[in-house]
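Structure, as structure tokens:
The values are calculated or read from the model by the stated rules, or taken from the named source; none is laboratory data. Just so we're clear, the structure is a prediction, and the values are computed from it rather than from any experiment. Neighbour counts are summed over all protein chains in view; Cβ atoms, including those assigned to glycine, are modelled from backbone coordinates with ideal geometry.
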Amino acid sequence: MKFALLFSLVSLLMPAKILVHGHRGARAIYPENSLPAFEYAIAQGVDALELDLAVTKDNVLVVSHDPEMNPKICTGPADSPHVIREMTLAQLRRWDCGAKQNTEFPKQKPIPGTRVPTFDEVLALAPQGNFDFNVETKIFADKPHLTPPPAEFVQLILDKVRQHRLQSRFILQSFDWRTLAEMRKLDPAIRLSALFPNGMSEAVLKMDYVAAAKAAGAGIVSPHFRFVTKARVDQAHAAGLQVVPWTANDPKIWDALIAAGVDAIISDDPAALISYLAAKESKK
């Protein structure tokens with residue numbers, strides 16, 4: 001009993017491990033939101049796969065950051081629609097999203113023939129490790145034609161997560177907090193993350209983490225790394241919230257986020273971040 005109490009006290013005093021979320025899998029290394037990127041991130045030891053969801057014409061959840069096919073990274077038939085919501089899964093499968101290298105990431109290795117995966121295919125990777133799925137709904141209040149309504153979108157997601165029995169390993173995140181509210185109605189046990197916009201408006205700069213989380217019904221706040229300060233993180237922690245900034249790829253930024261005391265960091269190069277955190281830990 002005394003040993004257990006001592007262990008608990010030591011655990012409270014020790015700094016928490018900073019978790020690593022692989023942004024779109026690991027788009028610095030492999031085509032974004034692809035099975036190769038996710039499998040690479042898992043092999044590197046990520047704590048979570050960060051990914052985005054769209055919905056096809058035949059109501060299949062697919063993993064894509066953009067609701068329309070991005071010509072910078074994908075190529076498809078000239079006669080094909082470009083909006084995912086206007087394509088069936090069979091039509092979407094005709095697009096190659098791996099042959100082109102994303103020029104923003106010089107280390108990225110193209111993989112010709114890479115298709116947009118279904119959410120089902122990504123969830124099927126769960127047995128490969130002990131990691132979470134941090135899933136963003138790509139939904140836009142001013143563009144309702146690009147997705148199903150929030151309630152329908154969230155129901156599709158929850159059905160798949162339950163099918164794979166992954167509720168405890170699932171986080172729903174969104175800039176559009178309507179989907180967070182719908183998930184809270186359907187399953188209050190699902191973790192929710194309120195994404196913050198990346199604008200430099202006065203409203204964004206003054207955003208209060210605690211107030212925002214309360215408004216979104218979320219236990220996690222996810223601001224752009226530029227808006228993270230130690231004071232804001234401390235305030236969030238005092239309210240029982242976690243802070244998971246996006247998307248940091250530079251060691252100087254990592255150092256600032258570590259100093260601020262964030263709970264996790266979303267990065268395009270999760271392997272580099274994992275190595276960096278391990279090196280810092282070994283020097284203590």
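For region 164-195, which positions are among the charged types (D, E, K, R) and assigned to a strand (DSSP E or B)?
Of everything in region 164-195, just one residue is among the charged types (D, E, K, R) and assigned to a strand (DSSP E or B), namely ARG191.
Of the conditions (1) in contact with a helix residue (DSSP H, G or I) (Cβ under 8 Å, 6 or more places away or on another chain); (2) closer than 21 Å to VAL244 by Cβ, TYR30 satisfies every one except a single condition; which number is it?
(2) is the only condition that TYR30 fails.
Test each condition in (1) closer than 20 Å to THR179 by Cα; (2) hydrophobic (A, V, I, L, M, F, W, C); (3) part of a helix (DSSP H, G or I) for VAL233 and report the one that comes out false.
Result: VAL233 passes all but (1).
Could you tell me whether VAL233 is out of contact with any Pro (no Cβ under 7 Å at 6 or more places or on another chain), at pLDDT 95 or above, surrounded by 14 or more Cβ atoms within 10 Å (Cβ to Cβ) and of a type in the set (Val, Ile, Thr)?
When the stated conditions are applied, VAL233 passes them.
Return yes or no: is ALA259 at negative phi, outside any strand (DSSP E or B) and not β-branched (Val, Ile, Thr)?
Spelling it out, ALA259 is indeed at negative phi, outside any strand (DSSP E or B) and not β-branched (Val, Ile, Thr).
Anything in region 182-198 that is within 13 Å of the chain's Cα centre (by Cα) and among the basic types (Lys, Arg)? List them, or say none.
ARG191
Can you tell me which residue in region 244-254 is surrounded by the fewest Cβ atoms within 10 Å (Cβ to Cβ), limited to those that are part of a helix (DSSP H, G or I) and out of contact with any strand residue (DSSP E or B) (no Cβ under 8 Å at 6 or more places or on another chain)?
The qualifying residue surrounded by the fewest Cβ atoms within 10 Å (Cβ to Cβ) is LYS252.
Which one of LEU92, LEU61, LEU51, LEU35 is under 27 Å from LEU257 (Cβ atoms) and buried (at least 17 other Cβ atoms within 10 Å of the Cβ)?
Of LEU92, LEU61, LEU51, LEU35, the one residue that is under 27 Å from LEU257 (Cβ atoms) and buried (at least 17 other Cβ atoms within 10 Å of the Cβ) is LEU51.
Looking at (1) buried (at least 16 other Cβ atoms within 10 Å of the Cβ); (2) over 17 Å from LEU35 (Cβ atoms), find the lone condition where SER80 falls short.
Just one mismatch for SER80, condition (1).
With the requirement that a residue be crowded, with 21+ Cβ neighbours inside 10 Å and over 25 Å from TRP95 (Cα atoms), what does region 108-131 give you?
Residue satisfying the conditions is PHE131 alone.
Could you pull out the residue among ASP58, ASP52 that is out of contact with any His (no Cβ under 8 Å at 6 or more places or on another chain) and either more than 19 Å from PRO270 (Cα to Cα) or not in a helix (DSSP H, G or I) (or both)?
After ruling out the rest, the residue left standing is ASP58.
Mind listing whichever residues of region 1-54 are among the polar types (S, T, N, Q) and at pLDDT 95 or above?
Answer for region 1-54, where residues must be among the polar types (S, T, N, Q) and at pLDDT 95 or above: ASN33, SER34, GLN44.
Collect the residues in region 137-163 that are in a helix (DSSP H, G or I), within 19 Å of LEU192 (Cβ to Cβ) and not β-branched (Val, Ile, Thr), keeping them in residue-number order.
PRO150, ALA151, GLU152, PHE153, GLN155, LEU156, LEU158, ASP159, LYS160, ARG162
Could you identify the single residue in LEU241, LEU273, LEU192, LEU257 that is touching a Leu at 6+ places or on another chain (Cβ under 9 Å), surrounded by 15 or more Cβ atoms within 10 Å (Cβ to Cβ) and modelled with pLDDT of 95 or more?
Answer to the check: LEU192.
Of all residues being modelled with pLDDT of 95 or more and under 19 Å from PRO245 (Cβ atoms) in region 196-222, which is surrounded by the fewest Cβ atoms within 10 Å (Cβ to Cβ)? Just the residue, please.
By that ranking, first place goes to GLY219.
Against the conditions (1) in contact (Cβ under 8 Å) with a residue 40 or more places away in the chain; (2) farther than 21 Å from ASP132 by Cα, where does ARG232 fall short? Just the number, please.
So ARG232 meets the others, but not (1).
The conditions are (1) buried (at least 18 other Cβ atoms within 10 Å of the Cβ); (2) farther than 25 Å from PRO245 by Cβ, and VAL154 fails exactly one of them. Which is it?
Among (1) buried (at least 18 other Cβ atoms within 10 Å of the Cβ); (2) farther than 25 Å from PRO245 by Cβ, the lone unmet condition for VAL154 is (2).
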